[in-house]
Every structure is written in C-alpha cells, then in structure tokens.
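Chemist: One structure is given below, represented as structure tokens, and several questions about it will come after.
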Amino acid sequence: MFPIHKRIQSKNSTVISLLPSFRFNFRTFRWTQAMLFAINEINKREDLLPNTDLGYVIYDSCFTISKAVEGTLTYLTGQDEAVPNYRCGDGPPLAALVGAGGSDLSIATARILGLYHFPQVSYSSTCSALESKFQFPTFLRTIPNDKHQSTAIAKMVLHFGWTWVGTIAADDDYGKYGIKDFKEQVEEAGVCISFSETLPKVSSPEDIQRIVQTVVEATAKIIVVFSSDVDLSPLITELLRQNVTNRTWIATEAWVTSALMISLLGGTLGFAVKRASIPGFQRYLLDMDPYTDPLTEEFWETLFNCTLDYGRALRTSKQKARDVNGTLSGEVRGLPDGLCTGCESVAKLNNTYFDVSQLRITYSVYKAVYAVAHALHNLEHCKEGQGPFNGKDCADITDFEPWQVSCVSMSTDVFYYTLVFDWEIYFDKGDVEGFYEIINWQFSSNGEISYVIVGHYNGSAAPEDRMNILNDSIVWNSEPPRSVCSENCQPGTRKGIRQGEPVCCFDCIPCADGEISNTSNARECILCGVDDWSNDAHDACVPKIIEFLAFGEPLGITLIVISAFGALVTISVGVVFIMNVGTPLVKANDALLSFSLLFSLVVTFLCSIFFLGQPQNWSCMTSQVALALGFAFCLSSIMSGYTLLPHCVCVITVNTITRTITELPALLLVGAFYKDIFSFLYTQGIACGVWLIMLPPHSIKNTSAKNIKIILECDEGSVVFICCIFSYDILLALLAFIFAFIARKLEDNFSEGKCITFGMLVFFIVWISFVPAYLSTRGKFMVAVQIFAILASSFGLLTCIFLPKCYILLVKPECNTEEMMRHTQKFQNETGNTE
C-alpha cells in the first residue's frame, strides 16, 4: 500500500477531487518500484525462498485514511465491496501487508490487521504510538521509532543553545505524537515553546495565512516541523511568497529530502534515515516498460505530458483543430498531437523518480520486502519438532495462516540479511535501531539545493556518544542563528520572571548590594557572609574594608599633633606659673590648685590619643576611664573654688556691704569644696572601678553600620554605667558654672569669675554640639568627632582660665603687683580679724 496520489477534500464541499498539481507523486511511485525490484530480486535468488515465488497486489491509499481502510478490507476479504470477517477468493495465501505510508494511515490499518493477527511491515510510519503491542500486536517497521527522532531533535536544540523555538505539526498522529515527545523533552531541559501551530489535513488559504502570520510575528528563529512534505508544502510556498526567509527549519525524516521542498532556502537542518545504495536499482528504473500496468501508464503519461491511448490522443487533436478552425472539415493526418510513443528517453529528464542519490525511505521499502521474505523463508524451512508453534510444529508454506507469519516475524531474535552491504538487521519488539543522518541543506555551485551530511545520531549508543555534529560543516541561511526569548543574564544579575510569560522570557535584575551571582542565568542571588561584601560587578564576594581611625592616616596624625600641642601648651603654662610662683598673682590663685587644674587638662589632652588606633579591650577601657577621670579632676578643681575665693571678695564698704552679706553663703559653700578637692574625684574613681569590673568596655566589629565596611569600635559595655559616669561630670560642670556665674560681678580688678564663666560656656557649647554631630556620623569619624570635642573643650577651659593670667605674667608684668591684689588681701585681713 503506497500513497501514490494526493487526494484532498475541500472544506466547502463534500466532493473529493484530484488536484492536477498533486495528482501523481513521483517519489512514492519510486517506492512501489523498489518493492517490485526487491520481489524480482528475491524470486531470482536460490538462497532465499528457492522453491517459492512472491506475488503482490498494490493499493493506493491516496494519503487518506478512508482509502487506506478500504484497501485493507479489500485485501483481507478478496472482494471490492469488503465484508468484514469473510473472505471470498482463492489463489495463493496472503502473507503480509507492506505499508501503508504515513503514521495515521498505518494506525488505521494496523488496528484492523491486528484483529486478524495479520502481519504488517511499515516502511515510513514512525509514530511512537505504534510501538504499543497491546494495540498493534502484529505491527513491525523498518524505519526508526519517532521517539528516537524527537530525542535527537531535542538534543540538537540543546546542542546549539536554542531556548526559544516554534513548532508546527501536521494534524495527524505523526505530527501530534512527534511534537508532543519533543516538547516534553525540551521543556524539561528549560527550553520554551514560542508558538505551536497545527497544519490542517484539509488546508485552506485562511489557515495558511494564520500560520504564516504567527511565524512572522514570533521572535523564535528556530522552527521544528513534524509533518509530511505534502501537508507542509502549501505553507512553505506561502512563506516564500511573502519572503519570510529569516528562519531556520528543523526537518524530520518525512520531508528532509523531499523534492517538494527544494524551493526552501538553504540552512535547513534535519534528520534522515540512513541512506543506502541498491545495486541495479537505477537501471531497473530506466528500463521501465510503460505498458506494464495502468499505474505505469499513468506515470509515463504524467511524466511526458502525453497519452499512450491513441483514441484519446486523436480526440484531443480533433478538439484542438476545431477550437482553432471552428470546423471539423480537416482531418488529422499522421500521429495525433499528445500521443506517447513509449520510446521516450527517461534518462534525460531531471525527475525525483530517477534520483537515486537519497535512497532512504526507498531503502526502507526494500528492507520491508526482505523482512517478509525472510519470515516466509523461515516458515518454509522449518524443521519438524523445532517449529515455533504448539508442540513445535511447522506450517505449510503452500497453505499457512497469516498469524503464523506474524508469529515467526515477531519472535525475539528474528534477523535477516539484505544484498546491500550485507547488513544484519533485527527487530526489537517490532522496531529497528534509531540511527539517523543529520542533513544540512546547502546551495551547490549551480544554485541547486544539495543534502550534505553534517553528523549522525545513534539512539543505541551511550547517551554521551549518541549525537555527533560537525558544526564547521554547517552552512546557515545567513549566520548561526540565536533563538532566545531573553538574552542570558550575566554574572551579577538574576533572572526575574515576567508575569504570564514562559520561563525563558525574563528580565535580568541586578543583584542587591551584599548579594552576588557568579554564574549565568542565576535564579537567585547569593548573600555574602558577614565579613564580606559584593564587588562592583556583583559577581564575587570580597572582604569588607576594615575601618578605624589609625595613627598613621592624615586625620589621626592631625589629632595627635593637636593633642600633643595642647598638652605642651598646658605644661608651658605650668612652667610659667612655676617661674612666677612668688608673684602676687600666683599667690592669690593658690598655686597647688592651679597646678592640679593644669595637670587634669594635660590628662584630658593626652587621653584623646587612646581613642586612636585599632580598638583593643585595654584601649577601650583606658580611653573611657581616662576621659571620665580627667574631666572629673578638672571640674573638681574648678569646683574647689581655688580661683573663685580670692577674687570673689570685694572691699567691704558701706555701699557694698549688703551685696557681700547676700553672697556670703555661696562663698562659704565654695570654701567647703576647697577643703575637700579630691572628694569628687574619689567618687568618680569608685564608679569607674565598678564599671570596669562588672561590664567593662570592649572592642567589637560593627558590620551593620556600613554595608561595605567593618567598623572596629569600642562598645561601652553598659549604657547605664557610662550614662551615670558622664552624668556625674555634667553635674560637676553645672555646679562649676553656677558658682562662676554667681561670682562674676564681685568687685575685683582681676575678675576670674567671668573667665571661668566663659570657660564653662565654651565647655557646654562644645559638648552640646557634640551630640548631634556624633549621632550623625559613622565609623572613624565618630571617633574623630569625640576627640575633637575633648580637645575643643580642653582648649576652651585652658584659654579662658589661664590666658588672662599668662597675659599679665608675660605681657603685662607691671600689673602683677600688690596693689592689683589689694582688695583680696584686705578682705583676707578683715576675715582674719573677724575670726
């Protein structure tokens, strides 16, 4: 059974008509000749069926299921009007059916033949559904199962990195099962289907236009087609008419070497069953007798556009003469026009029928005939007692049942040899091995399409060795196609799925700070470790920058210089006081308390250095305690009143006695602080000791303040302790300011109360400004702000309290006299007399 004619049905009519352009298929007619050649070859052999001749009957399925079923029933029943379960006919027994062409045709016939246990050997039905022995128990084929081809195409798509492909399938079992197996495999591997169209068996311009529009609008550059050449040709014709040539087509064995597709542009890749040469076949085709049978006559007439029927040719000539002359007066003399002589030279024609360079399906037909012949040969040469039937019986070759042939051909290790290459071919549950040649359509030098083998696929090999493609041998349509919905996401980004679109369509979203992706098409970004951070490209984690205020950096050096300068200036002031210790000014200010204040200022200047460098546990404790005790010592010295007492006293006169008596309680309170200068410092020292024992300050790594940096800083240990300790310093500062403010208007030629008041104002302004500045900075600049506050407040106290004294001692020594201190001494004398 061969699909020699193409019969289609219009959607608008129930009448089936033959279309002249598809009326006769030269390619499939060559298949029939391959069967006849094989039968003649077998009948001449002495080693294969030496005592039996093979006969045949050919049915034309016309590419339609109805005709295939009709032919099958006719074959089984032996009569034109088929009667199921009844055979009316004599002659030799029926052995097998070779056919019926396409997969949908074979499925229809195999269901019927399976009911009768009648063997069927197909040469071109590749649908994977036919492998089911439950549904098709007597079906065999000499062409690979489509599950191998679907796997091969999927591997090819993955091989070239195509992730965005379109599919077109014929509206039959071949197309549906083939494209279904392909989709399952590629989608599992991450490939997405851009579009999926179905070619109707009964095509219409509307359907073809719709599919063409889909192909044009789709962004996929790769299109996989599971269809026969007959079903696909209308679509290809329309695509070429609209100049849609920027696509790469992946062809199946059904159309990869079809003559109907030669107009398709080069670059197509496809899979074809193995090619072979059949010795003597080309000569057999050329030596054809046009009068052999009606089918051959039709072939000859179609090939040479003439008729072998003299009467028909004569009638045609007369009709032409009447159309030209308008009368039938003239007689046609000689041979009428359009009459075939039967001697035309077929060798001079370039026709698909004579093209034996791509014998693939043709060779599959050849093998199918030999498969039946070998099964009959085994049946004929069965030895009694060793047969395959019940009781090891044998069958009679002159009178056997079809199921007996099926039993022999379906046995596990049935194999046969052919004349071509002396190959051994065997069936595995009715299927043969999945071996394909990979074909690339390339333009030859004369502008014609040539089929170039660029690789092969062997489904029986190890998975890693199944496909071999020679990439350098492939000639593409323009350039190597790249078919992706979205370009690969580079390292440093991740795939963001687009809502409502396939997974292959995505956006590349940069990784957030602190996250990386070091592979292409990463689904998620990786979070860096605590001590690491992402680089600028977000493709690697790098160690975070360690930050602290180092001694050697410019800011650290500057602060050290300022601290040292402040300490040196303070020491210099102390040296000046020592050199002038016997002068009235120094005596009036109590030298011991002046030196204690200067010493405390030296401590505050130098303690700022402990804030520099990489924080250690000891440096954290030393810096905080030194700062707390330094300011406590300084403020305690001011609180003791050593500078207030002498200059808070004014001359007792009638005009001022009232104010002096009013201010006397304050002066007595200051005197009380003067007698116990170290009581304040002792209290602060105890508090600091408890702090260091219970919850001491310690160094930590701050990884949360700045993403790209690890800040080495000191942790106070206890917020309660540090608040209490520095609150004590603030209390001392407030008391010192209050007493200085009270004493600022006492009559004195040298108003030290005003100087201390200004000094304390500077102290408060600095530390009040420190709070927002400290809270708004991070890292080493927090330390710098803290050191600046320490130095600024220390310089403020040093300048406001000691600068006026140094000015008198160094610049205005003439003012450093007893007269300058007379009010103080008078007050002291009067106080002594009172006592």
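The values are calculated or read from the model by the stated rules, or taken from the named source; none is laboratory data. Please read all numbers here as calculations on a predicted model, not as lab measurements. Cβ placement follows ideal geometry from the backbone for every residue including glycine, while neighbour counts extend to all protein chains displayed. Heavy atoms of the whole protein, side chains included, go into the accessibility calculation; ligands, DNA and RNA do not. Shrake-Rupley method; radii C 1.70, N 1.55, O 1.52, S 1.80 Å.
Chemist: Taking the condition of being part of a helix (DSSP H, G or I) and either more than 20 Å from Ser793 (Cα to Cα) or among the basic types (Lys, Arg) (or both), how many residues in the range 594-630 meet it?
Modeler: Here the count works out to 5.
Chemist: In this structure, is Leu49 touching a residue at least 12 places away in the same chain (Cβ under 8 Å) and farther than 26 Å from Ser258 by Cα?
Modeler: yes
Chemist: Restricting to the range 220-231, give me the number of residues that are modelled with pLDDT of 90 or more and either assigned to a helix (DSSP H, G or I) or not small (Gly, Ala, Ser) (or both).
Modeler: Count: 6.
Each row is one residue, and each column tells you yes or no for (1) in contact with a helix residue (DSSP H, G or I) (Cβ under 8 Å, 6 or more places away or on another chain); (2) among the hydroxyl-bearing types (Ser, Thr, Tyr).
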position: Ser600; (1), (2): yes, yes
position: Phe605; (1), (2): yes, no
position: Phe610; (1), (2): yes, no
position: Gln616; (1), (2): no, no
position: Ser619; (1), (2): yes, yes
position: Val625; (1), (2): yes, no
position: Gly630; (1), (2): yes, no
position: Leu635; (1), (2): yes, no
position: Ile638; (1), (2): yes, no
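Chemist: Taking the residues in the range 615-641 that are more than 20 Å from Val569 (Cβ to Cβ) and free of Cβ contacts under 8 Å to residues at least 40 places away in the same chain as candidates, determine which candidate is surrounded by the fewest Cβ atoms within 10 Å (Cβ to Cβ).
Modeler: Trp618
Chemist: Here is a follow-up. Just checking: which of the helices (runs of 4 or more DSSP H) contained wholly in the range 98-211 hold 2 or more residues that are closer than 22 Å to Gly270 by Cα, in the same structural domain as Leu232 (by the TED database) and out of contact with any Cys (no Cβ under 8 Å at 6 or more places or on another chain)? If you could, list the steps in order and put the result at the bottom.
Modeler: Numbers: elements: 103-115, 146-159, 173-188.
Hits in the range 98-211: 146-159, 173-188.
Chemist: Looking only at the range 547-561, decide whether some residue is closer than 19 Å to Gly753 by Cα and outside any helix (DSSP H, G or I). Full working, then the answer.
Modeler: Of all residues in the range 547-561, those closer than 19 Å to Gly753 by Cα come to none.
No, that holds for no residue.
Chemist: In addition: Would you please name the residue that is farthest from the chain's Cα centre (by Cα), looking only at residues in the range 509-534 that are part of a strand (DSSP E or B) and more than 17 Å from Ile708 (Cα to Cα)?
Modeler: Initial filter on the range 509-534 (part of a strand (DSSP E or B)): 509-510, 515-516, 526-527, 532-534.
Now drop any that are not more than 17 Å from Ile708 (Cα to Cα), which leaves 509-510.
Working: Ile509: 11, Pro510: 13 Å.
So the residue we want is Pro510.
Chemist: Out of curiosity, is Thr74 more than 23 Å from Tyr363 (Cα to Cα) and in a loop (DSSP other than H, G, I, E, B)?
Modeler: no
Residue-wise test of (1) at pLDDT 90 or above; (2) surrounded by 18 or more Cβ atoms within 10 Å (Cβ to Cβ).
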residue: Cys525; (1), (2): yes, yes
residue: Val542; (1), (2): yes, no
residue: Glu547; (1), (2): no, yes
residue: Ile560; (1), (2): yes, no
residue: Ala564; (1), (2): yes, no
residue: Phe577; (1), (2): no, yes
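Chemist: List, please: which pairs have Cβ atoms under 6 Å, are six or more places apart or on different chains, and start with a residue in the range 381-401 that is more than 18 Å from Leu49 (Cβ to Cβ) and end with one that is among the polar types (S, T, N, Q)?
Modeler: That search, which allows pairs on different chains as well, returns Lys392/Gln386.
Chemist: Being of a type in the set (S, T, N, Q) and either under 27 Å from the mean Cα position of the chain (by Cα) or over 29 Å from Phe788 (Cβ atoms) (or both) is the filter here; which residues of the range 535-560 pass it?
Modeler: Asn535
Chemist: Against the definition (at pLDDT 85 or above, surrounded by 19 or more Cβ atoms within 10 Å (Cβ to Cβ) and closer than 20 Å to Leu734 by Cα), how does Ile768 come out, yes or no?
Modeler: In short, no.
Chemist: Quick check on my filter: what residues within the range 301-317 are part of a helix (DSSP H, G or I), among the aliphatic types (A, V, I, L, M) and surrounded by 18 or more Cβ atoms within 10 Å (Cβ to Cβ)? Give the derivation first.
Modeler: Initially, the range 301-317 is screened for residues part of a helix (DSSP H, G or I), giving 301-304, 310-317.
Now drop any that are not among the aliphatic types (A, V, I, L, M), which leaves 303, 313-314.
Selection gives Leu303, Ala313.
Chemist: Sticking with this one: Please enumerate the residues belonging to the range 793-822 that are polar (S, T, N, Q) and open to solvent by less than 50 Å² (accessible area, probe 1.4 Å). I'd like the intermediate steps shown before the answer.
Modeler: Filtering the range 793-822 down to residues polar (S, T, N, Q) leaves 793-794, 799, 816-817.
Hits for the range 793-822 are Ser793, Ser794, Asn816, Thr817.
Chemist: Hey, could you check the range 674-714 for residues that are among the charged types (D, E, K, R) and either part of a loop (DSSP other than H, G, I, E, B) or open to solvent by 70 Å² or more (accessible area, probe 1.4 Å) (or both) and say which is modelled with the highest pLDDT?
Modeler: Residue satisfying both the conditions and the ranking: Lys701.
Chemist: Next question, about the same structure. With respect to Val602, determine if the residue is outside the structural domain of Asn518 (by the TED database) and more than 28 Å from Ser699 (Cα to Cα). Even if it seems obvious, please write down each step before you answer.
Modeler: Working: outside the structural domain of Asn518 (by the TED database): yes; more than 28 Å from Ser699 (Cα to Cα): no.
So Val602 does not fit the description; no.
Chemist: Here's a follow-up. Answer yes or no as to whether Gly280 is of a type in the set (Gly, Ala, Ser), more than 16 Å from Thr167 (Cβ to Cβ) and out of contact with any Leu (no Cβ under 7 Å at 6 or more places or on another chain).
Modeler: Answer is yes for this residue.
Chemist: Here is a follow-up. Is it fair to say Thr257 is at pLDDT below 80, touching a strand residue (DSSP E or B) at 6+ places or on another chain (Cβ under 9 Å) and open to solvent by 20 Å² or more (accessible area, probe 1.4 Å)?
Modeler: No: the conditions fail for Thr257.
Chemist: Considering only the range 265-302, state which residues are more than 30 Å from Asp146 (Cβ to Cβ) and of a type in the set (D, E, K, R).
Modeler: Result: Arg283, Asp287, Asp289, Asp293, Glu297, Glu298, Glu301.
Chemist: Something else now. Across the range 579-592, which residue is modelled with the highest pLDDT among those that are outside any helix (DSSP H, G or I), farther than 16 Å from Glu814 by Cβ and in contact with a helix residue (DSSP H, G or I) (Cβ under 9 Å, 6 or more places away or on another chain)?
Modeler: Taking the candidates together, the pick is Val581.
Chemist: If you don't mind, another one. Tell me, please, whether a residue that is surrounded by fewer than 21 Cβ atoms within 10 Å (Cβ to Cβ) and over 30 Å from Leu555 (Cβ atoms) can be found in the range 594-614.
Modeler: Yes, the range 594-614 has at least one match.
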